[in-house]
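To start, the structure under review is shown below, and the notes come after it.
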Amino acid sequence: MTAALSLGPVFFHWPPQCWRDFYFRLAEEAPIDAVYLGEVVCAKRIPFTAPEIEAVLSRLKRGGKRVFLSSLALIGNEREAALMRDLCAEVEATIEANDVGLLDLVAGRPHVLGPFLNIYNESTLSYFAAKGAVGACLPAELPGRSLARLAATAPIPLEVHAFGRLPLAISARCFHARAQRLHKDGCQFVCGRDQNGLVVNTLEGEPFLAVNGLQTLSYTCLNLLGEVKRLEAAGISGFRLLPLAVDMVAVARLFREVLDGVSGAEEASSRLEDLVPGIPFANGFLYGAAGRSRQSALPLELE
Amino acid sequence: MELVAPAGTPASLRAALAAGADTVYLGFRDETNARNFPGLNFSPAELEEGLRLAHREGRKVYVAVNTFPRAGDEAPWRRAVDKAASLGADAVILSDVGLLDYASRRHPELRLHLSVQAAASHLDAIRFYAEAFGVRRVVLPRVLTVEEIAALNRQVKVETEVFAFGGMCPMAEGRCSLSSYVTGHSPNINGVCSPASHVRYETRGDALVSLLGGSVINRFLPGEAAGYPTLCKGRFLASGEAGYLFEEPVSLNAAQILSQLKKAGVAALKIEGRQRGRAYVAEVVAAYRRLIDAVLSDGQAPRETVAQLDRLAEGQSETTGAYGRKWR
């Protein structure tokens, strides 16, 4: 069986209609096996997509996608904790837990371990797996050697990020608001202005990071087209594409083609460049190097 | 409220005890702790001696083993826990679930504290660590307001410890890969952030620029104090404006809100700075000793002590950070 492709949650504050239409198109056209849905970054945004979620869910299911509901990455207060308890009370849904506080709420029924849980080693993975998790998406900064070690003994299927702007940090402070001299409480939802995040440059004008509300993302775009086959051979069974406001259907097709051996990685990578204009590719974390670097010189250690 | 002081060296440990710390926290000289800097930290023999000194005076020593063990190579972290337990450490400060599980089963008598690196920021998370591993104290992440801390303390059975003074992360700790994105060295994996090995200073015209991994983190004009290029404390351009987008180079100082923290039910106050010299540790600890004693006896914080802490603050400016809602 070849590896599965999944679509991670939309991190950005897109207009609700765009958000809905994005999923409607994906449901029908993208060669994606699983979709992670839900607000991961900021609880203040939840009311915007809430009215659309039922329609999106049913369309995705009709399109044959497995759907998981992702939790917030940072639960900062009792109100947010209560929202997450409500999320876990959806008995029909399979939850992707991004905080250990959710694990007792979903224990005993299938759930997925999200990339914001710190799974760095076999002991932690088996501990969580024993509580009923049916899969795990590993943290973005893990080097290939750790991925392979984990895959070698993993009691549950493992997924890694393969495309998109990587989540690097989360805060109680809203940097999007701060960039506009606002506070989180009166943010005016300025994060909605930047559909792929607000690019942060150094004082010398070098593009450096991207901020998205409370979240800090990579400026570069992860591209593991060149590595997915080797990771699959090492036992990684799923690859996660993180949505950007680009043609994600076409992005998914390229990854599917490479996984299926229909296209070569290099050729697919150059086509991917056309789909993500102006954002350089990176794959450094996988090589144990700076995450923003693009490695071709270092050996990929998967032993 | 217990005063928990940092020690990067045996000299700092002695200085902290002499200055009135109730407890000293420290780490082993390797990647098992989150201040894995050259020339810092303790050998097992130094820990043994530190424990002897502290226990002689009825004080305590906590050992931080708070990075995340490497896949395929968890033994160094387990050995660090075993060593701390066998030498009689008063607690170990852990963040990894696998290591907490190991410690709670192998050393049921050992007191477990949850590191700030675990970022347990709400009731359900704290309850998980308490029930699963018998964690007795949680070091709260620096993302909560005093009101939120008070609300938590009304609900949880474990003790809470909060940061009172020193460097502060604007990000939820243990969930930040900024340093590894830029340098390849990670707080969670390597116990370092914005490591000195990747820092450079260069002159550009009149200005001095600080670089991390080859990228400009800040630029200082003549007369401006040049700071260390910690990634999230740099000046950047966003929406065409230059500024400290994430956080100013400020020091956390909770001196003004100690009585609020006490009312919020906080069990212990922590001073950040295992990488700091013993003179700094001695001065900050002595100042906080006076403040805590004054607050515990319901007196006023001595004004000269508050002024002294102002001087010690990094970059001469301070913040109460996330403890105030406006910080967000």
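Do we have B:GLU283 as in a helix (DSSP H, G or I), of a type in the set (Asp, Glu) and either touching a residue at least 60 places away in the same chain (Cβ under 8 Å) or surrounded by 17 or more Cβ atoms within 10 Å (Cβ to Cβ) (or both) here?
On the way: in a helix (DSSP H, G or I): yes; of a type in the set (Asp, Glu): yes; either touching a residue at least 60 places away in the same chain (Cβ under 8 Å) or surrounded by 17 or more Cβ atoms within 10 Å (Cβ to Cβ) (or both): yes.
Yes: the conditions hold for B:GLU283.
Inside region B:144-188, can you point out the residues that are within 7 Å of another protein chain (Cβ to nearest Cβ) and over 14 Å from B:VAL116 (Cα atoms)?
Passing the criteria: B:GLU148, B:ALA151, B:SER177, B:LEU178, B:SER180, B:TYR181, B:VAL182, B:THR183, B:GLY184, B:SER186.
Which of the numbered conditions does A:GLY108 fail, given that it passes all the others? Conditions: (1) farther than 21 Å from B:SER104 by Cα; (2) modelled with pLDDT of 95 or more.
A:GLY108 satisfies all of (1) farther than 21 Å from B:SER104 by Cα; (2) modelled with pLDDT of 95 or more except (2).
Out of all the residues in region B:220-241, which are more than 21 Å from B:TYR181 (Cβ to Cβ) and at the interface with another protein chain (Cβ under 10 Å from one of its Cβ atoms)?
Within region B:220-241, the subset more than 21 Å from B:TYR181 (Cβ to Cβ) is B:220-226, B:239-241.
Scanning region B:220-241 gives B:SER239, B:GLY240, B:GLU241.
Do you know which residues across region B:15-35 are among the hydrophobic types (A, V, I, L, M, F, W, C) and outside any loop (DSSP other than H, G, I, E, B)? I'd like the intermediate steps shown before the answer.
From region B:15-35, those among the hydrophobic types (A, V, I, L, M, F, W, C) are B:15-19, B:21, B:24, B:26, B:28, B:34; that's our starting set.
B:ALA15, B:ALA16, B:LEU17, B:ALA18, B:VAL24, B:LEU26, B:PHE28 - these are the residues of region B:15-35 that are among the hydrophobic types (A, V, I, L, M, F, W, C) and outside any loop (DSSP other than H, G, I, E, B).
Among the residues of region A:171-194, are any more than 10 Å from every other protein chain (Cβ to nearest Cβ) and touching a strand residue (DSSP E or B) at 6+ places or on another chain (Cβ under 8 Å)?
yes
So in region B:192-219, with the set limited to residues that are within 11 Å of another protein chain (Cβ to nearest Cβ) and among the small types (Gly, Ala, Ser), which one is farthest from the chain's Cα centre (by Cα)?
B:ALA207
Being buried (at least 22 other Cβ atoms within 10 Å of the Cβ), without any contact (Cβ under 8 Å) to a residue 60 or more places away in the chain and not in a strand (DSSP E or B): is that true of A:LEU142 here? Give the steps one after another, and end with the answer.
Values: buried (at least 22 other Cβ atoms within 10 Å of the Cβ): yes; without any contact (Cβ under 8 Å) to a residue 60 or more places away in the chain: no; not in a strand (DSSP E or B): yes.
So A:LEU142 fails the test.
Using beta carbons and a limit of 7 Å, which pairs, at least six apart or on different chains, have the first residue in region A:86-114 and free of Cβ contacts under 8 Å to residues at least 40 places away in the same chain and within 11 Å of chain B (Cβ to nearest Cβ) and the second one of a type in the set (Ser, Thr, Tyr) and outside any helix (DSSP H, G or I)?
A:ALA97/A:SER71; A:ASP99/A:SER71; A:LEU102/A:SER71
Which strands (runs of 3 or more DSSP E) sit wholly inside region B:109-180 and have at least 2 residues that are without any contact (Cβ under 8 Å) to a residue 40 or more places away in the chain and surrounded by fewer than 24 Cβ atoms within 10 Å (Cβ to Cβ)? Spell out how you get there, then give the answer.
Working: elements: B:112-114, B:137-139, B:159-167.
Passing ranges: none, list empty.
Take the conditions closer than 30 Å to B:SER259 by Cα, in the same structural domain as B:LYS262 (by TED's automatic domain parsing) and hydroxyl-bearing (Ser, Thr, Tyr) and apply them to B:THR23. Does it pass?
On the way: closer than 30 Å to B:SER259 by Cα: yes; in the same structural domain as B:LYS262 (by TED's automatic domain parsing): yes; hydroxyl-bearing (Ser, Thr, Tyr): yes.
Yes: the conditions hold for B:THR23.
Do you know which of the residues in region A:152-193 that are of a type in the set (A, V, I, L, M) and under 19 Å from the mean Cα position of the chain (by Cα) is nearest to A:ILE279 (Cα to Cα)? Please lay out each step first, then the result.
Just the residues of region A:152-193 that are of a type in the set (A, V, I, L, M), to begin with: A:152, A:154, A:156, A:158, A:160, A:162, A:166, A:168-170, A:172, A:177, A:179, A:182, A:190.
The next check asks that each one be under 19 Å from the mean Cα position of the chain (by Cα); those that pass are A:156, A:158, A:160, A:162, A:166, A:168-170.
Details: A:ILE156: 34, A:LEU158: 27, A:VAL160: 21, A:ALA162: 15, A:LEU166: 13, A:LEU168: 17, A:ALA169: 20, A:ILE170: 22 Å.
Within region A:152-193, the match that is nearest to A:ILE279 (Cα to Cα) is A:LEU166.
Being of a type outside the set (Asp, Glu), within 7 Å of another protein chain (Cβ to nearest Cβ) and buried (at least 24 other Cβ atoms within 10 Å of the Cβ) narrows it down to one of A:THR202, A:THR216, so name that one. Walk me through how you get there before you give the answer.
On the way: A:THR202 fails: buried (at least 24 other Cβ atoms within 10 Å of the Cβ).
After applying the criteria, what remains is A:THR216.
Taking the condition part of a helix (DSSP H, G or I), modelled with pLDDT under 90, in the same structural domain as B:ARG142 (by TED's automatic domain parsing) and closer than 23 Å to B:CYS176 by Cβ, does B:ALA307 pass? Give the derivation first.
Working: part of a helix (DSSP H, G or I): yes; modelled with pLDDT under 90: yes; in the same structural domain as B:ARG142 (by TED's automatic domain parsing): yes; closer than 23 Å to B:CYS176 by Cβ: no.
So B:ALA307 fails the test.
Look at B:GLU241 and say whether it is among the acidic types (Asp, Glu) and crowded, with 16+ Cβ neighbours inside 10 Å. Steps first, answer last, please.
Values: among the acidic types (Asp, Glu): yes; crowded, with 16+ Cβ neighbours inside 10 Å: no.
For B:GLU241, the condition - among the acidic types (Asp, Glu) and crowded, with 16+ Cβ neighbours inside 10 Å - is not met.
Scanning for something closer than 28 Å to B:ASP30 by Cβ, assigned to a loop (DSSP other than H, G, I, E, B) and at pLDDT 90 or above, does region B:261-272 turn up at least one residue?
Keep residues of region B:261-272 that are closer than 28 Å to B:ASP30 by Cβ, which gives B:268-272.
Checking the rest, the ones that are also assigned to a loop (DSSP other than H, G, I, E, B) come to B:272.
Next, only the ones that are at pLDDT 90 or above stay: B:272.
Yes, there is a match, as at least one residue in region B:261-272 is closer than 28 Å to B:ASP30 by Cβ, assigned to a loop (DSSP other than H, G, I, E, B) and at pLDDT 90 or above.
Give the residues of region B:181-210 that are small (Gly, Ala, Ser), touching a residue at least 40 places away in the same chain (Cβ under 8 Å) and surrounded by 18 or more Cβ atoms within 10 Å (Cβ to Cβ), sorted by residue number.
Taking region B:181-210 as the starting set, the residues that turn out to be small (Gly, Ala, Ser) are B:184, B:186, B:191, B:194, B:196-197, B:205, B:207, B:210.
Subsequent filtering for residues that are touching a residue at least 40 places away in the same chain (Cβ under 8 Å) retains B:191, B:196.
Hit for region B:181-210 is B:GLY191, nothing else.
Evaluate the following for B:ALA294: is it within 16 Å of the chain's Cα centre (by Cα), assigned by TED's automatic domain parsing to the domain that holds B:VAL139 and hydrophobic (A, V, I, L, M, F, W, C)? I'd like the intermediate steps shown before the answer.
Values: within 16 Å of the chain's Cα centre (by Cα): no; assigned by TED's automatic domain parsing to the domain that holds B:VAL139: yes; hydrophobic (A, V, I, L, M, F, W, C): yes.
Against the criterion (within 16 Å of the chain's Cα centre (by Cα), assigned by TED's automatic domain parsing to the domain that holds B:VAL139 and hydrophobic (A, V, I, L, M, F, W, C)), B:ALA294 does not qualify.
Being surrounded by fewer than 17 Cβ atoms within 10 Å (Cβ to Cβ) and modelled with pLDDT of 95 or more, is that true of even one residue in region B:211-218?
Looking for residues that are surrounded by fewer than 17 Cβ atoms within 10 Å (Cβ to Cβ) and modelled with pLDDT of 95 or more, one finds at least one in region B:211-218, hence yes.
Of all residues in region B:120-142, count the ones that are over 18 Å from A:LEU103 (Cα atoms) and out of contact with any strand residue (DSSP E or B) (no Cβ under 7 Å at 6 or more places or on another chain).
Result for region B:120-142: 1.
Looking only at region A:4-41, filter to residues that are among the charged types (D, E, K, R) and under 30 Å from A:ALA233 (Cβ atoms); which one of those is surrounded by the most Cβ atoms within 10 Å (Cβ to Cβ)? Outline the logic, then answer.
Here is the first cut: in region A:4-41, the residues among the charged types (D, E, K, R) are A:20-21, A:25, A:28-29, A:33, A:39.
Right, trim to under 30 Å from A:ALA233 (Cβ atoms) and you get A:29, A:33.
Working: A:GLU29: 14, A:ASP33: 17.
Selected residue: A:ASP33.
Being modelled with pLDDT of 90 or more, touching a helix residue (DSSP H, G or I) at 6+ places or on another chain (Cβ under 7 Å) and outside any strand (DSSP E or B) is the filter here; which residues of region B:221-243 pass it?
Within region B:221-243, B:LEU231, B:CYS232, B:SER239 meet the criteria.
Only one of (1) touching a helix residue (DSSP H, G or I) at 6+ places or on another chain (Cβ under 9 Å); (2) over 22 Å from B:THR183 (Cα atoms); (3) among the polar types (S, T, N, Q) fails for A:ASN223. Which number is that?
(2)
State all residues of region A:134-170 that are under 22 Å from B:LYS233 (Cα atoms) and either among the aromatic types (Phe, Trp, Tyr) or in contact with an Asp or Glu (Cβ under 9 Å, 6 or more places away or on another chain) (or both); if no residue qualifies, say none.
A:LEU166, A:LEU168
Any residue that is away from chain A (no Cβ under 14 Å), touching a strand residue (DSSP E or B) at 6+ places or on another chain (Cβ under 7 Å) and charged (D, E, K, R) - is there at least one of those in region B:67-82?
no
Going through region B:93-108 one residue at a time, which ones are surrounded by 24 or more Cβ atoms within 10 Å (Cβ to Cβ) and in contact with a helix residue (DSSP H, G or I) (Cβ under 7 Å, 6 or more places away or on another chain)?
Restricting attention to region B:93-108, the residues satisfying the condition of being surrounded by 24 or more Cβ atoms within 10 Å (Cβ to Cβ) are B:93-100, B:103.
The answer is B:LEU94, B:SER95, B:ASP96, B:VAL97, B:GLY98, B:LEU99, B:LEU100, B:ALA103.
Could you grab me the full set of residues in region A:249-287 that are within 14 Å of chain B (Cβ to nearest Cβ) and either touching a His at 6+ places or on another chain (Cβ under 8 Å) or buried (at least 21 other Cβ atoms within 10 Å of the Cβ) (or both)?
A:ALA282, A:ASN283, A:GLY284, A:PHE285, A:LEU286, A:TYR287
The values are calculated or read from the model by the stated rules, or taken from the named source; none is laboratory data. Keep in mind the model is a prediction, meaning the values are calculated, not measured. Ideal geometry is used to build each Cβ from the backbone, glycine not excepted, and the neighbour counts take in all protein chains shown.
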